[in-house]
């Protein structure tokens with residue numbers, strides 16, 4: 001979900017991600033750390049608020065978006081099928 005959100009919004013803070021996805025702030029921090037470690041996110045200090053860091057998709061993540069959308073669509077279709085039975 002973070003991939004999809006950042007694809008749409010381009011740059012967001014951890015708090016904005018947590019609020020948008022209704023996930024706890026610590027939960028988002030944990031996910032963001034893993035994504036940064038694997039090279040999928042980049043960050044910079046917010047020029048308007050030094051306490052915040054803005055996050056955006058790295059080129060590696062952007063290159064993998066078509067595959068992500070493919071799997072996202074498969075999962076969505078499977079969930080819809082399960083809910084209709």
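The values are calculated or read from the model by the stated rules, or taken from the named source; none is laboratory data. Note that the structure is predicted; figures quoted are calculated from it, not measured. Cβ placement follows ideal geometry from the backbone for every residue including glycine, while neighbour counts extend to all protein chains displayed.
Rundown of residues vs (1) within 15 Å of residue 2 (Cα to Cα); (2) in contact (Cβ under 8 Å) with a residue 40 or more places away in the chain, yes/no style:
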| residue | (1), (2) |
| --- | --- |
| 26 | yes, no |
| 31 | yes, no |
| 35 | yes, no |
| 41 | yes, no |
| 54 | yes, yes |
| 70 | no, no |
Exercise for the section: Run residue 41 past the list (1) exposed (fewer than 15 other Cβ atoms within 10 Å of the Cβ); (2) modelled with pLDDT of 95 or more; (3) within 11 Å of the chain's Cα centre (by Cα) and report the number of the one that doesn't hold. Expected result: (1)
Practice task
State whether the residues of region 44-51 include one that is more than 12 Å from residue 13 (Cα to Cα) and in contact (Cβ under 8 Å) with a residue 24 or more places away in the chain.
Solution key: no
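A quick yes/no check of all residues on (1) loosely packed, with under 14 Cβ neighbours inside 10 Å; (2) at pLDDT 95 or above; (3) in a strand (DSSP E or B):
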{"residue": "3", "(1), (2), (3)": "no, no, no"}
{"residue": "7", "(1), (2), (3)": "no, no, no"}
{"residue": "45", "(1), (2), (3)": "yes, no, yes"}
{"residue": "65", "(1), (2), (3)": "no, no, no"}
{"residue": "80", "(1), (2), (3)": "yes, no, no"}
